[in-house]
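Student: Pasting a structure below so you can have a look.
The values are calculated or read from the model by the stated rules, or taken from the named source; none is laboratory data. Keep in mind the model is a prediction, meaning the values are calculated, not measured. Heads up, the Cβs are rebuilt from the backbone with ideal geometry, glycines too, and the neighbour counts pull from every protein chain shown.
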Amino acid sequence: MSATARPRWPVSSLKAKISSYWALTKSLQTGLLLMTGLAGYLSAHAAIRWNDFLQMIPSLFLAISGSTILNMWWDRDIDAKMKRTHRRPTSAGQVKSTEVLWLGIVVSVIGVGWALFANPFYGVVVFAGLFFDVVVYSMWLKRRTCWSIVWGGISGAMPILSGRVLAVGRIDPIGILLASAILFWIPTHTLTFSLKFFDDYRAAGVPTFPSTYGTEFTRLTIAVSSIIAALAMSVASIWIGVAEGVLALIIVLSAVLLFLAATVVFRPSDKTNLRLYKYASLYMLCTMLLIIPYRL
């Protein structure tokens with residue numbers, strides 16, 4: 001067959017397909033969770049084992065990406081009913097659902113398998129994160145109860161716990177504190193979204209805290225979870241033994257988070273909710289970065 005007669009896949013189509021599949025990983029969210037895993041590893045006093053560390057990065061990235069892809073596949077029907085998510089590749093029909101399912105399975109298996117190969121205990125924690133996220137949160141509870149966010153929070157806490165486990169070889173109090181900080185930080189995001197996109201979730205038939213308990217209780221829950229997240233991160237930083245200057249900065253950042261949480265309760269508005277939501281992301285990113293330099 002001549003070169004001109006050989007079938008070819010147009011470059012534009014290839015780029016579009018790669019772009020669509022990459023969007024399924026929610027790269028910003030995945031990157032932040034991966035950073036928590038790195039921070040968890042680097043929070044330990046033990047010397048860095050570069051073989052483990054360099055295997056953790058791709059294995060954790062693939063496991064997180066795989067679970068996200070599977071979630072997008074499972075939720076494609078409700079995503080299509082929501083203004084916020086109806087343009088996602090799965091709900092917009094840009095990719096075939098069977099392709100997304102197989103991609104999610106393959107990426108997840110490679111990620112978890114790699115993690116188990118690197119360290120069995122670490123691999124079990126990584127698998128637990130994927131299981132809680134895909135099976136417990138998305139497939140079982142998300143469409144049944146607003147309390148599904150707790151299990152979604154547990155899955156989000158697994159990357160930092162897995163990093164800590166890989167470094168120290170066990171689940172220790174510091175690892176639990178770091179995981180708790182993530183667990184209670186996540187509702188700040190999910191509950192703010194449920195307030196802002198109340199009509200979307202109602203149209204999709206997804207139970208949320210505002211639709212179940214009302215706006216006031218939801219705002220109180222956001223504030224309390226933010227306070228617990230800040231306290232857990234501060235105590236973990238003290239226990240890790242970060243430098244005094246770093247600890248002082250973490251305490252200041254935590255104090256701002258506590259102040260914004262208080263405004264959500266005592267001066268409630270969509271504006272204060274959004275301000276806390278944005279700052280909570282910055283807070284968690286900064287505290288992860290502050291833990292890392294100490295370890296390096």
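Student: Only one residue in I227, I250 is surrounded by fewer than 20 Cβ atoms within 10 Å (Cβ to Cβ), in contact with a helix residue (DSSP H, G or I) (Cβ under 9 Å, 6 or more places away or on another chain), of a type in the set (A, V, I, L, M, F, W, C) and closer than 20 Å to L178 by Cβ, so which one is that?
Tutor: Matching residue, one of I227, I250: I227.
Student: Which of the residues belonging to the stretch 93-128 are at pLDDT 95 or above, under 14 Å from L70 (Cβ atoms) and of a type in the set (S, T, N, Q)?
Tutor: S108
Student: Within the group I48, I64, which residue is outside any loop (DSSP other than H, G, I, E, B) and of a type in the set (A, V, I, L, M)?
Tutor: Of I48, I64, the one residue that is outside any loop (DSSP other than H, G, I, E, B) and of a type in the set (A, V, I, L, M) is I64.
Student: Oh, and also: Can you pull out every residue in the stretch 115-145 that is touching a Pro at 6+ places or on another chain (Cβ under 7 Å) and either crowded, with 22+ Cβ neighbours inside 10 Å or in a helix (DSSP H, G or I) (or both)?
Tutor: Residue satisfying the conditions is G129 alone.
Student: Go over the candidates V135, V150 one by one and state the one that is among the hydrophobic types (A, V, I, L, M, F, W, C) and at pLDDT 95 or above.
Tutor: The match here is V135.
Student: Sticking with this structure for a sec: Go through the stretch 86-100 and give me each residue that's free of Cβ contacts under 8 Å to residues at least 60 places away in the same chain and either within 15 Å of T25 (Cβ to Cβ) or in a loop (DSSP other than H, G, I, E, B) (or both).
Tutor: H86, R87, S91, A92, G93, K96, E99
Student: Something else now. Quick check on the stretch 225-235. Is at least one of its residues aliphatic (A, V, I, L, M), more than 20 Å from L32 (Cα to Cα) and not in a helix (DSSP H, G or I)?
Tutor: no
Student: Continuing with this model, one more query. For the stretch 244-296, enumerate the residues that are β-branched (V, I, T), at pLDDT 90 or above and over 23 Å from L220 (Cα atoms).
Tutor: Across the stretch 244-296, the qualifying residues are V246, I250, T287.
Student: I'm trying to understand the selection: among the residues of the stretch 207-218, which are hydrophobic (A, V, I, L, M, F, W, C) and either at positive phi or surrounded by 15 or more Cβ atoms within 10 Å (Cβ to Cβ) (or both)?
Tutor: Within the stretch 207-218, F209 is the sole residue that qualifies.
Student: Sticking with this structure for a sec: Out of the stretch 151-206, which residues are surrounded by fewer than 18 Cβ atoms within 10 Å (Cβ to Cβ) and within 16 Å of the chain's Cα centre (by Cα)?
Tutor: Scanning the stretch 151-206 gives a single hit, F193.
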